[in-house]
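**Student:** Before I ask anything, here is the structure I am working with.
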Amino acid sequence: MAVPPKVLPFRALRYDPARAATDLADLICPPYDVIAPDEQADLAARSPYNAVHLELPLGVSERKYRQAAADLAAWRARGVLRADDRPAYYLSETIFNHAGQQLTRRDLIAAIDVQPWSNGAVLPHEHTMPGPKADRLELMRATHLTASPIWLMHREQPPALVAAWSGAVERAPEVELTWRDEQHRLWLVDDPAQVSAIRDEFAGGGPLYIADGHHRYETSLAFRAEAEATLPGAASTMAVLTWAADPGLVVLPTHRLLRGLDPSFSMEEAETRWSDMLHMEYFPVWEQTPPEQIDALMQQLASNGRNGPAFGQSVRTDRWRYSEFTGGSGGAVLFDHDSDPHETKNLANDAGYKDTVVEMKRLLAKLPPQPK
């Protein structure tokens, strides 16, 4: 049985822009894994207090981790960073433009109690690599800080959270800024009754799903194992939680270019072999294609995506991966990783694998139901 997720209030460290002597927009940075080297240098140059000095410190080897810890201690001593007086939830609103449309997304910033994947409180969807986790763990050991949150989805919308939002937008936000053409507003929720209601309703709800931050989550698990006994707060990490049906939640497709294919492998053969997994269309793209032609292609892809399967569920064993899709044409895929590690041959409709499909369906049925 899955362990209920613990979504907890916490005392955030927040900037005092007056002490930093600059705009708040010059002090924040994206998560470490989307910061290119040139952007890292540019952010660091914007202010000696930019968060990139803590999130992705410049330097090499262990020296950069020690420098991040020293910077954090100095900023706190100077009052550039201050901890809030009592534990709170933080309501974050982002207004942005996408595809010519203005959208608003509302998120909850909280601490979550990190649990092993097997507990079922938080569910992943991708594998991780050791390099990024080793880097994040060394930084966490040095600073005892979560500088950027993981991103989680929740299917249920807790009534207490809805009520908190209704009250928040009636008052001025604690933080308001524009960053890279996005408008951001932040409200604190620290009323004890509201805090208790939000915490209890999340605890009585379903699991959370990681949208981004698998490496940071597994790093937090490792840090908890080694520091929980001696360091208060080591059992949790910071997270942004978004309602899966939020009207401002944009899920973009991943486009792939296939390179290095055997020249004898024709598009006709690909269409025949993979017809049960995908629908193929031809679109004219050539050398030095004009921008308007690329724009037309992207619009066509977006249109097709609205009509085809957008979500599915997948289960994997050491040998097999089985997925079922809803919406569009639906369908299922089964791959044998022993003989087909690159997943080129779908066996779901092969009568010889009927028993395997039945078993994988049984395992899939144990997952939480998909959203309607």
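**Student:** What residue, among those in segment 95-138 that are under 20 Å from VAL240 (Cα atoms), modelled with pLDDT of 90 or more and of a type in the set (Gly, Ala, Ser), is surrounded by the fewest Cβ atoms within 10 Å (Cβ to Cβ)?
**Tutor:** ALA111
**Student:** Can you tell me which residue within segment 360-372, out of those that are surrounded by 13 or more Cβ atoms within 10 Å (Cβ to Cβ) and modelled with pLDDT of 85 or more, is nearest to the chain's Cα centre (by Cα)?
**Tutor:** Looking at the filtered set, the residue picked out is LEU363.
**Student:** Continuing with this model, one more query. Just give me the residues in segment 336-346 being under 18 Å from THR272 (Cβ atoms) and either modelled with pLDDT of 90 or more or crowded, with 18+ Cβ neighbours inside 10 Å (or both), in sequence order.
**Tutor:** Answer for segment 336-346, where residues must be under 18 Å from THR272 (Cβ atoms) and either modelled with pLDDT of 90 or more or crowded, with 18+ Cβ neighbours inside 10 Å (or both): just ASN346.
**Student:** If you don't mind, there's one more thing I want to ask. Mind telling me which of the residues ALA147, ALA225, ALA164, ALA172 ends up being in a helix (DSSP H, G or I), within 21 Å of ASP84 (Cβ to Cβ) and not basic (Lys, Arg)?
**Tutor:** ALA164
**Student:** While we're looking at this one, here's another question. Going by the structure shown, is SER47 modelled with pLDDT of 95 or more, of a type in the set (S, T, N, Q), under 18 Å from MET238 (Cβ atoms) and buried (at least 16 other Cβ atoms within 10 Å of the Cβ)?
**Tutor:** For SER47, the condition - modelled with pLDDT of 95 or more, of a type in the set (S, T, N, Q), under 18 Å from MET238 (Cβ atoms) and buried (at least 16 other Cβ atoms within 10 Å of the Cβ) - is not met.
**Student:** Quick check on ARG136: is it farther than 17 Å from GLU62 by Cα and of a type in the set (Lys, Arg)?
**Tutor:** no
**Student:** What's the number of the only condition in (1) buried (at least 18 other Cβ atoms within 10 Å of the Cβ); (2) without any contact (Cβ under 8 Å) to a residue 24 or more places away in the chain; (3) of a type outside the set (Ser, Thr, Tyr) that PHE10 fails to meet?
**Tutor:** (2)
**Student:** Let me ask something additional. If I filter segment 139-150 for residues that are more than 20 Å from VAL175 (Cβ to Cβ) and surrounded by fewer than 17 Cβ atoms within 10 Å (Cβ to Cβ), do I get at least one hit?
**Tutor:** The answer is yes, given that some residue of segment 139-150 is more than 20 Å from VAL175 (Cβ to Cβ) and surrounded by fewer than 17 Cβ atoms within 10 Å (Cβ to Cβ).
**Student:** In segment 31-60, which residue that is touching a residue at least 60 places away in the same chain (Cβ under 8 Å) and part of a loop (DSSP other than H, G, I, E, B) is farthest from TRP243 (Cα to Cα)?
**Tutor:** Taking the candidates together, the pick is PRO57.
**Student:** Here is a further query. Using beta carbons and a limit of 6 Å, which pairs, at least six apart or on different chains, have the first residue in segment 269-298 and in the same structural domain as ASN346 (by TED's automatic domain parsing) and the second one surrounded by 12 or more Cβ atoms within 10 Å (Cβ to Cβ) and modelled with pLDDT of 70 or more?
**Tutor:** What qualifies is ASP276/ASN346; MET277/VAL333; MET277/ASN346; MET280/GLU271.
**Student:** Here are ARG63, ARG76: which of them is over 27 Å from the mean Cα position of the chain (by Cα), outside any loop (DSSP other than H, G, I, E, B) and modelled with pLDDT under 95?
**Tutor:** Being over 27 Å from the mean Cα position of the chain (by Cα), outside any loop (DSSP other than H, G, I, E, B) and modelled with pLDDT under 95 holds for just one of ARG63, ARG76, which is ARG63.
**Student:** Could you please let me know if SER118 is assigned by TED's automatic domain parsing to the domain that holds VAL195, part of a helix (DSSP H, G or I) and either within 25 Å of VAL250 (Cβ to Cβ) or among the polar types (S, T, N, Q) (or both)?
**Tutor:** yes
**Student:** Residues PRO253, PRO232: which one is closer than 30 Å to HIS342 by Cβ and either in a loop (DSSP other than H, G, I, E, B) or at pLDDT 95 or above (or both)?
**Tutor:** On inspection, the qualifying residue turns out to be PRO253.
**Student:** Return the residues of segment 262-290 that are among the β-branched types (Val, Ile, Thr), part of a loop (DSSP other than H, G, I, E, B) and either at pLDDT below 65 or closer than 23 Å to ASN349 by Cβ (or both); say none if nothing qualifies.
**Tutor:** Of everything in segment 262-290, just one residue is among the β-branched types (Val, Ile, Thr), part of a loop (DSSP other than H, G, I, E, B) and either at pLDDT below 65 or closer than 23 Å to ASN349 by Cβ (or both), namely VAL285.
**Student:** Additional query: Filter segment 347-356 for residues that are loosely packed, with under 15 Cβ neighbours inside 10 Å and hydrophobic (A, V, I, L, M, F, W, C) and give the result.
**Tutor:** ALA351
The values are calculated or read from the model by the stated rules, or taken from the named source; none is laboratory data. Only a predicted model underlies this, so the values are computations on that prediction, with no experimental measurement involved. Note that each Cβ is placed from the backbone with ideal geometry, even for glycine, and that neighbours are counted across all protein chains shown.
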